[in-house]
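See structure below.
The values are calculated or read from the model by the stated rules, or taken from the named source; none is laboratory data. Only a predicted model underlies this, so the values are computations on that prediction, with no experimental measurement involved. Positions of Cβ are backbone-derived with ideal geometry, glycine not excepted, and every protein chain shown enters the neighbour counts.
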Amino acid sequence: MVDARRARQVIGDRAILLVLLDRSPLSTSGDSKDPRMNLCHQLSEEIPDDYIWVYAQGDDGEYKGNNCVGDGFPAPKTGTKDDFDLTLNIGAELSAQYRATDTDRTPELEEFVLAYDAATSKAHGEIPTRPAVPDRLAGRQLVLACAGLVVGSVLLFFLLRAAGLAWRRRRAGVAARRQRRLALDARLSRLADSVLHPAPAADQAEAERQAEAARRYVLSLDLLTNAESAEELAAAEAEITGLEEVGGR
């Protein structure tokens, strides 16, 4: 299997999304014969800027992983993205073949991250990470402060007063968003066990429902983790509500 804690440490803030599912077989619906790749492609449509790894059990009873890359992942400075992806995965597979076992797949991720760092540094000049969200309010305050210094002390007084009011409003907004985030996190946590460790599917329809629930759980978690504004929290809440309807059984 995969050591989730070790995987989280290794991946860090790189643009890599890891999905760990239990041993319930995934649905085979999709363009690929590999259900892991079908789920991977579905996730990449929602989260296009990352490499995505999916570990799950296939119809053959084997628990293993597969990965794909979203269309929004940076293109290499030279060559094609397909060539870059192939080179990256071949290098990682060759390095992991003597370390990974049927009972411990964690070395696959460790070697993939090492290959990812080497390949992206060479192809992009830097290691792609999850993007930071700019603080637009702080930027506006800086512009106002600079304008005040130029115009004079009287205008500076009003600008600082406005900045103070904005800061107080911002603190109130931050507190409200924090409470909202905690509430959403609690809702998502209540769903985690039933979604990530479902009972064996009784039929194809139930297997497809479980796969859809897992997909929406990963999307909800990503939206909530990266949400900064009220609008982004609203989008995360809408996705969590949809997940509750699909996977909250």
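Here are the numbers for this structure:
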| read-out | value |
| --- | --- |
| Lys81 vs. criteria under 22 Å from Pro198 (Cα atoms) and of a type outside the set (Asp, Glu) | no |
| Scope the range 94-124; condition within 17 Å of Ile11 (Cα to Cα) and among the aromatic types (Phe, Trp, Tyr); matching residues | Phe112, Tyr116 |
| Selection status of Asp22, assigned to a loop (DSSP other than H, G, I, E, B) and either under 22 Å from Glu206 (Cα atoms) or at pLDDT 85 or above (or both) | no |
| Single match in Asp34, Asp60 (criterion: within 23 Å of Phe84 (Cα to Cα), at pLDDT below 85 and in the same structural domain as Glu110 (by TED's automatic domain parsing)) | Asp34 |
| Only one of Arg23, Arg5, Arg105, Arg14 that is free of Cβ contacts under 8 Å to residues at least 12 places away in the same chain and basic (Lys, Arg) | Arg5 |
| Filtered residue count, the range 60-94, keeping only those that are more than 11 Å from Arg36 (Cβ to Cβ) and not in a helix (DSSP H, G or I) | 14 |
| Residue check for Ala4: under 16 Å from Arg105 (Cβ atoms), in contact with a strand residue (DSSP E or B) (Cβ under 9 Å, 6 or more places away or on another chain) and not polar (S, T, N, Q) | yes |
| Tally, over the range 202-232, of residues that are over 13 Å from Val19 (Cβ atoms) and surrounded by fewer than 19 Cβ atoms within 10 Å (Cβ to Cβ) | 15 |
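To keep it simple, each residue is scored yes or no on (1) assigned to a helix (DSSP H, G or I); (2) within 14 Å of Glu244 (Cβ to Cβ); (3) at pLDDT 80 or above.
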{"site": "Arg180", "(1), (2), (3)": "yes, no, yes"}
{"site": "Ala183", "(1), (2), (3)": "yes, yes, yes"}
{"site": "Ser189", "(1), (2), (3)": "yes, yes, no"}
{"site": "Ser194", "(1), (2), (3)": "yes, yes, no"}
{"site": "Ala199", "(1), (2), (3)": "no, no, no"}
{"site": "Ala207", "(1), (2), (3)": "yes, no, no"}
{"site": "Tyr217", "(1), (2), (3)": "yes, yes, no"}
{"site": "Thr225", "(1), (2), (3)": "yes, no, no"}
{"site": "Glu228", "(1), (2), (3)": "no, no, no"}
